[in-house]
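Let me begin by presenting the structure, written as structure tokens, before commenting on it.
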Amino acid sequence: MTHDRQQDAPRTEVGRNVTKIDAFKLARGEPVFTDDIHPPGMLWAKVLGSPHAHARVLEVDATRALALPGVVDVAWHAQVKAIPHTRAGQSHPEPSPWDTVILPPKVRFIGDRVAVVVAETLEVAERALGLIDVRYEVLPALTDMDEALARTDVLIHEDPDPRGIAEGGRTNVAARIDKQVGDVEAALKSCDHVVERTYWLPRVQASHIEPHVAISWLDEDGRLVVKTSTQVPFHLRRILARILELKEADIRVIKPRVGGGFGDKQEMVMEDLVALMTLRTRRPVRLEFTREEELICARVRHPQRIVMTTGVMNDGTIVANRMRVTADTGAYGSHALTVQGNTGQKVLPMYPCAHIHFQVTCLYTNNPISGAFRGYGAPQGCFALECHIDEVAKVLGHDRLELRRKNHIRLGDTDPLSAKLGEGKEGLVRVIRSTGLEKAIELGCEAIGWGQRQEPTAPHLSRGLGMALAMQGSGIAGVDWGAATVKLNEDGSVNLAVGATDIGQGSDTVLAQICAEELGIRYEDVRVLSSDTDLTPFDVGAYASSTTYVSGGAVQKAARAVREQLAAIAAGRWECTTTDVRFGEGQVSGPGGKAWTMAELASHALYQAKVQPMATASHLSNESPPPFAAQFADVEVDRETGEVFLRRFVSAVDCGTPVHPDLVLGQIEGAVAQAIGYGLFEEVIVDAAGRVRNPNFLDYKIASALDMPEMITILVPTEEPSGPFGAKAAGEVPIDGPAPAIVNAICDAVGVRIYRIPATPERVWRQIKEAGE
Amino acid sequence: MRMDLTLNGRPAQWEAAPGATLLAVLRDEGLVAAKRGCETGDCGACTVLLDGQPVNSCVVAAARAHGHRVTTLEGLADDPLMRRLQDALVEHAGVQCGYCSPGMLVSLYHLLRACRAEGTRPGDHAIREALSGNLCRCTGYVKPVAAAAAVAAALAGIPATGTEAR
Amino acid sequence: MWDLKEYRIAGSPGEAVAMMRRGPGKGVYIAGGTDLFLFPPQCDYAVDINHAGLGAIARTPDGDVFVGAAATLHHIATNPFVTGYAGGLLAQAAAHCGNRPVRSTATLGGNLCNALPSADLAPALLALDAVCYIVDEDSQESLPLEDFFEGPRRTVLGDRLLAGIALPAAGAGWRAAARRLTRSAEDIALVQVAVALSVADGRLGAVRIALGSVAPVPMRAMLAEAQLEGEAVADLSPDRLADAGLIAASECDPIDDHRASAAYRRQMVGVLTRRLLAGLLAEQPRNDDQGSAA
Ligand SMILES: Cc1cc2nc3c(=O)[nH]c(=O)nc-3n(C[C@H](O)[C@H](O)[C@H](O)COP(=O)(O)OP(=O)(O)OC[C@H]3O[C@@H](n4cnc5c(N)ncnc54)[C@H](O)[C@@H]3O)c2cc1C
Ligand code: FES
Ligand code: FES
């Protein structure tokens, strides 16, 4: 490398609250989402969902449906080639089992795909569903994970060799993990105290306000175009190419504006269906989920049961930690291994100790499909661990804050578990090279008034404070990578093309800031094109908190390469060395007072030197530096009704350099809102027959403006040496801590522990009642 | 069935199915600022004004528009109050994915227009009440509420002109 | 989409009933539609009653407050006659239904005719001795609201129309308060209790305890009411109020569902009834038309 960006130069673009690049068009309601513009001649698709939780589809007769005027085509399993794959949008080779085909001959949950119909109007398509005659052989349904584990007479995936199923065809286990550092069993014997508790985590749904929606058509060259609300356009293209037997070059995936994803769109939920029907009918096809379909057929956070066992000494030293996870992946194994892996890997390192044991049994059931959801396993693990630390403190009679302070991870610490647990394979050792955790704890305590419980506002209320610490990652070390192309125009403006997917979090904006900073130009001079597989370079997509850190690294490299090209051009003209050329504030300067605006230099490059300053760079990180959060809740609990009133919530978050402080705050505030729901009222309730009881927003409650407490959000900047301009990730870490902080506060207020969230009024009431008896 | 209505300040005629929702017809007409989020009246992505009142157009019959006034975000594009709200929402980084933004803006517009007429200034709780029907999964409502509060503080100076004021 | 063949707009209550009976096929009244569009029933036509002159709220010459069936929840929540009646109990119940945009179109009639156990206006109206007015093509009938509900989603109406309800003048000065328990701020109520009572010369006059979401239909806890009516306020110790709560709890008939258990609901009826009674009895004596905070 010839030279770095001038380290001494003050940053002007990174760290500035620029106007989010797409904000105005969104605020004006312009037609920028997938469903806002329809191609001419478009057909409307609907999916016939299984009424049974587990059944063989013996026969499908679409005669009556096809006779309905306006119905164009109906497809079911017998007509479609069955190529096993996973719908999880992960890097190849996916660590999720290839246990899916486009239309399965055996349905495995209520709502599973039986047939797909396309018609001239949505109404006709809906009506046609009722006219498809299906004969099923109903099979026993396993909706309880312990039963699924115990039984081998009923197998949800009995196929002989679907790739990657842990115990393919012999049991219902979708994934197992058993990793140990040291020897926990032996270590526990020498501890002064061993504390063991069990925690239960609910099934919750991402509930992005824009449902899954995709539209496909054939372009004038007969290539398949899929416009879709996705987080993973490139993974999608790869999977589609394989299962539809097309060349990747014959598929174009376009990601327009996306109305939220949160992991739920890191999955091929429907794109294969529209593509299939477009290929069959040669016409544009559109499919959108209703909210009911979202809550039944999209993905949910894995429900888990976690048994935590901790060995401690009287002085509060944590000697050994064991986490045993039983998880429900539902009908298919999307992210089964990796979400559960994260439950331990992203969480247990918070309290380093010599002996760590992490075990997972993840089961297939005939429940809705679990998958990726912001936090990706960590919210479950963090809930268990952070509640457990409070329990340990109680057993020891120690202060829960001091116990955390004594044991939490510090600068320079290594995280031995990460080495054992990569993305489905051996991982990489993680060393903490930046941390603001101590500062976050300090500032958070100050903001909430730790140690000074406020007065309750009514006699039947009790007040309490709770806290939780959290860490996550920044991309998947050694796996996640992205590329970016930077192209300078003749007036000094820049086109930045990235495969990274902006799904509302603002990554286009942040990447433009990084590009501008590196080139020494203004953010306002950068235009971003994101995620069109024809036009932008590859990126794994928006997940695992990777975009700023990993894709940002690619942008920085590409911009640096362009800067080097420009330096060479300027040096040639000025007859100096490239190291004498300096960039900054829209200016390029050389020795002896020589200076050009970027526009002059660009014009010189294109018309005199006759070169296009342009570069594409790829960036992989072999590290995944953790962002940290310390979060605090102040609650009041009604001792008689069990209602919990969350009064204040404090988050202090270290995400490295906040490239756009307001967007980072927005990430934190939004994550907290989701996690308040996780802690207090969100749950997709599935009955013993496998039916979702509350598949609508009338009854599946997500936080409204009236559910939010007073929010205090504090950024604790650090400089991460491996990140672009010192940045780490911010999108996921703040979703981990709120639920345990709230539950710890409930315990502080009324002295009872809630082991199962959400902490609904009835659950809290029951615990209080039982404690009183 | 045929309907005659005032759409964004101008007379309009629609031909729609008797059971169609207002949202379905608006989107068919190319007015796509109102979004489909739940179709059960819960999320507010589809909020528009019917005779100046905020409604969830997914649970209102299109036929209700016959003889009435329907105003969508598009129809308020030149309204000074709406523009201030849009600017404030953008400046406060209250737009993340933006899917909820049109609905939120219509609700906030309705609140602030009424406050301006009454000469009152809504507090935090009144703003949250007004947004109670607009679910946002991205922002946690902090920045949208701050944006509305900022506009509320300067309300008296914003002229009452535009589609809805007429 | 709702597969309707025809949307009829009625200009008067009588015309609405006539349009409903005209056929062919099956019809349904539509007011706000906020319920109908969620679960569209199989039918051929809808009869819109929003232009039938039923949207008004008025005080009658006898001092009753009449609320038209097509009055919107927002209108009810903000109308001075309603906010000024019995501590604004009905206004608050309306203000707690759904969310702001829903309240612009959702109506009193829809809320009651839906006849859900959780209908939010019902406990308040029951507690206030509301009378409902039912119209036929050319006749009218009135009956106490208690007799209106027959079961979940069943009323006495048949194909007749609810024209509105009246809150009797006598109750205007009652003390009243209500509480609904929910999982989140905007939620279907798990339990609702509304209490209204009158105090004169240190004694309780009328006592009304109405419950929602804890029985097949919204109901009154009459045994609990009877325990309290006529009692001297000074004699009503916290234990007596707790007893009244327990009696109310024993009168209800809740079910287990995915939102809450029957046991919890029943207990909460006791707790909320006791608290509401205590709160109302602790209120300072006041003029008839002063509002009281819930
Ligand atoms: C997002 C949302 C939240 C909600 N929250 C609540 C809540 O918190 N509490 C609550 O109680 N309800 C709630 N509801 C349900 C519903 O909105 C209300 O019950 C509302 O008052 C229904 O009124 P409507 O005019 O919209 O009814 P419609 O949908 O028009 O009608 C409902 C039923 O009543 C019949 N009907 C209407 N008027 C008459 C009449 N005058 N005579 C005879 N029959 C008639 C109709 O035929 C239909 O069967 C909610 C609904 C939504 C969409
Ligand atoms: S789409 Fe209308 S409220 Fe959600
Ligand atoms: S900004 Fe995404 S839903 Fe509100």
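The values are calculated or read from the model by the stated rules, or taken from the named source; none is laboratory data. If you're wondering where the values come from, they're calculated on a predicted model, not measured in any experiment. Note: ideal-geometry Cβ built from the backbone for every residue, glycine included; neighbour counts use all protein chains shown. Note: accessible area is taken over every heavy atom of the protein model, side chains too, but ligands, DNA and RNA are not part of it. Shrake-Rupley method; radii C 1.70, N 1.55, O 1.52, S 1.80 Å.
Could you give the Stokes-Einstein D for region A:107-168 in µm² per second, using the C-alpha Kirkwood radius, 37 °C, 0.692 mPa s? Please report the intermediate quantities before stating the final value.
Working: Rh = 14.8 Å.
In µm²/s, the coefficient is 222.
Leaving out ligands, DNA and RNA but keeping every protein chain, what accessible area does A:Arg242 have, in Å² rounded to the nearest 10, with a 1.4 Å probe?
Surface open to solvent at A:Arg242 totals about 90 Å².
What is the Å³ per residue value for the convex hull set by the Cα atoms of region B:80-156?
Each residue corresponds to 73 Å³ of Cα convex hull volume.
When the solvent-accessible surface of protein heavy atoms is calculated with a 1.4 angstrom probe, in what order do A:Glu640, A:Glu669, A:Glu770 fall, highest first? List each step's numbers first, then the result.
Details: A:Glu640 55, A:Glu669 10, A:Glu770 115 Å².
Listed by decreasing accessible area, they come as A:Glu770, A:Glu640, A:Glu669.
So what is the 222 nm mean residue ellipticity for the protein assembly as shown from helices alone, if each DSSP H run of at least 4 adds -39500 (n - 2.57) and you divide by all residues, rounding to the nearest 500 deg cm²/dmol? Walk me through the numbers on the way to the answer.
Working: 34 runs with 346 residues, N = 1233.
After summing the helix terms and dividing by the residues of the protein assembly as shown, the value is -8500 deg cm²/dmol.
Tell me the Kirkwood radius of region B:1-134: reciprocal of the mean inverse pair distance over distinct alpha-carbon atoms, in Å.
When all Cα pairs of region B:1-134 are included, the Kirkwood radius is 15.1 Å.
Mark the label point 7 Å from the Cα of C:Arg203 along Cα→Cβ and return the residues of region C:212-247 whose backbone N is within less than 12 Å of it.
In region C:212-247, the label zone of C:Arg203 (backbone N under 12 Å from the point 7 Å along Cα→Cβ) covers C:229-233.
Under unit Cβ charges (Lys, Arg +1; Asp, Glu -1), what dipole magnitude, rounded to 20 debye, does region A:726-773 have relative to its Cα centre?
60 debye
Give the lysines whose C-alpha is closer than 21 Å to that of A:Lys769, dropping any in the same chain fewer than 8 places away, or say none.
A:Lys394
How big is the C-alpha Rg of region B:2-73 next to the rule-of-thumb value 2.2 N^0.38 Å, as a ratio?
The value comes to 0.96.
Which three extents, in whole angstrom, do the alpha-carbon atoms of chain C cover along their principal axes, largest first?
Reported extents, whole Å, longest axis first: 62, 47, 31.
Rg to Rh for region A:380-497: what is it, with Cα atoms only and Rh by Kirkwood?
Result: Rg/Rh = 1.16.
Taking region C:31-117, how much of its Cα-Cα pair set, in percent, is spaced more than 20 angstrom apart?
In whole percent, the share of Cα-Cα pairs in region C:31-117 beyond 20 Å is 34.
Dividing the Cα radius of gyration by the Kirkwood radius, what Rg/Rh value follows for the protein assembly as shown? Don't skip to the answer; put the middle values down first.
Working: Rg = 31.1 Å, Rh = 32.0 Å.
In the protein assembly as shown, Rg relative to Rh is 0.97.
Please work out the Cα center distance from region A:206-232 to region A:600-678, rounded to the nearest Å.
About 26 Å separates the Cα centre of region A:206-232 from the one of region A:600-678.
Mind checking the full-extension length gain between A:Glu719 and A:Asp153? Use 0.36 nm per residue of separation minus the Cα-Cα distance, one decimal, nm.
Length gained between A:Glu719 and A:Asp153: 198.2 nm.
Can you work out the FRET efficiency for the pair A:Leu428 and C:Phe39, with r the C-beta to C-beta distance and R0 = 45 Å, to the nearest 0.05?
Values: r = 53 Å, r/R0 = 1.18.
It comes to 0.25.
With a 1.4 Å probe, what is the total accessible area buried between chains C and A, in Å² rounded to the nearest 100?
2100 Å²
Show me the three semi-axes of the equivalent ellipsoid for region C:138-237, from the C-alpha gyration tensor (sqrt of 5 times each eigenvalue), largest first, rounded to whole Å.
Listed largest to smallest, the semi-axes of region C:138-237 are 28, 20, 12 Å.
Using a 7 Å offset from the Cα along the Cα-to-Cβ direction at both A:Glu126 and A:Leu706, what is the distance between the two label points in nm, to one decimal?
2.8 nm
Run the reach check for C:Lys5 against lysines, Cα to Cα strictly under 21 Å, same-chain hits fewer than 8 apart removed. What comes back?
Counting by Cα, and skipping residues close in sequence, C:Lys5 has these lysines nearby: C:Lys26.
Sort all Cα-Cα distances of region C:174-290 into consecutive 10 angstrom bins from zero, then give the percent of pairs in each bin up to the one containing the longest distance.
Bins of 10 Å from zero give 15, 48, 27, 10, 1 percent of pairs.
For a label point 7 Å from the Cα of C:Asp62 along Cα→C-beta, name the residues of region C:123-140 whose backbone N is under 19 Å from it.
C:125-136, C:139-140
Please name which of A:Ala633, A:Phe649, A:Val611 has its Cα lying farthest along the dipole of region A:603-653 towards the positive end, using unit charges on Cβ (Lys, Arg +1; Asp, Glu -1) and the Cα centre as origin.
Working it through, the farthest residue towards the positive pole turns out to be A:Val611.
Protein chains only, probe 1.4 Å: how do A:Asp415, C:Asp3, A:Asp144, C:Asp257 rank by accessible area, largest first? Let's see the in-between values first.
Working: A:Asp415 0, C:Asp3 95, A:Asp144 75, C:Asp257 50 Å².
Correct descending sequence by accessible area is C:Asp3, A:Asp144, C:Asp257, A:Asp415.
Suppose R0 equals 45 Å; then what is the FRET efficiency for A:Ala67 and A:Asp221 from their Cβ-Cβ distance, rounded to the nearest 0.05?
0.80
Would you list, by chain and number, the aspartates and glutamates whose Cα falls below 15 Å from the Cα of A:Lys20, excluding same-chain residues fewer than 8 positions away?
A:Asp502, A:Asp508, A:Glu524, A:Asp525, A:Asp662, B:Asp87, B:Glu91
Going down the list A:Lys189/A:Lys346; A:Lys25/A:Lys46; A:Lys265/B:Lys35; A:Lys81/A:Lys247; A:Lys227/A:Lys701; A:Lys557/A:Lys610, which pairs span over 20 Å between their C-alpha atoms?
A:Lys189/A:Lys346; A:Lys25/A:Lys46; A:Lys227/A:Lys701; A:Lys557/A:Lys610, as the Cα separations exceed 20 Å there.
Return the Rg/Rh ratio of region C:6-48 with Cα-based radii and a Kirkwood Rh.
Numbers: Rg = 10.0 Å, Rh = 10.5 Å.
Radius of gyration over Kirkwood radius for region C:6-48 works out to 0.95.
What Kirkwood Rh does region A:460-556 have if only Cα atoms enter the pairwise 1/r average? Answer in Å.
After inverting the mean inverse Cα-Cα distance, the result is 14.6 Å.
Hey, how much of the P(r) for region A:50-152 falls beyond 16 Å, as a percent of Cα pairs?
65 percent
Subtracting the Cα-Cα distance from 0.36 nm times the residue separation, let me have the gained length for A:Asp491 to A:Lys610 in nm, one decimal. Mind dumping the intermediate values first?
Working: separation 119, 0.36 × 119 = 42.84 nm, distance 1.44 nm.
Extra length from A:Asp491 to A:Lys610 when fully extended: 41.4 nm.
Keeping all protein chains in position, work out how much accessible area A:Arg197 exposes to a 1.4 Å probe, and write it in Å² to the nearest 10.
For A:Arg197, the solvent-accessible surface is approximately 60 Å².
Where the centroid of each part is defined by its Cα atoms, how far is region A:440-495 from region A:557-599 in Å?
Cα centroid to Cα centroid, the span is 38 Å.
Please report the equivalent ellipsoid semi-axes of region A:550-663, computed as sqrt(5 x eigenvalue) of the Cα gyration tensor, largest first, in whole Å.
They are 52, 16, 12 Å, listed from largest to smallest.
At a probe of 1.4 Å, how much accessible area disappears from chains A and B on forming the pair, both sides counted, to the nearest 100 Å²? Please report the intermediate quantities before stating the final value.
Values: alone 26980 and 7980 Å², together 31390 Å².
Counting protein atoms only, the buried area is about 3600 Å².
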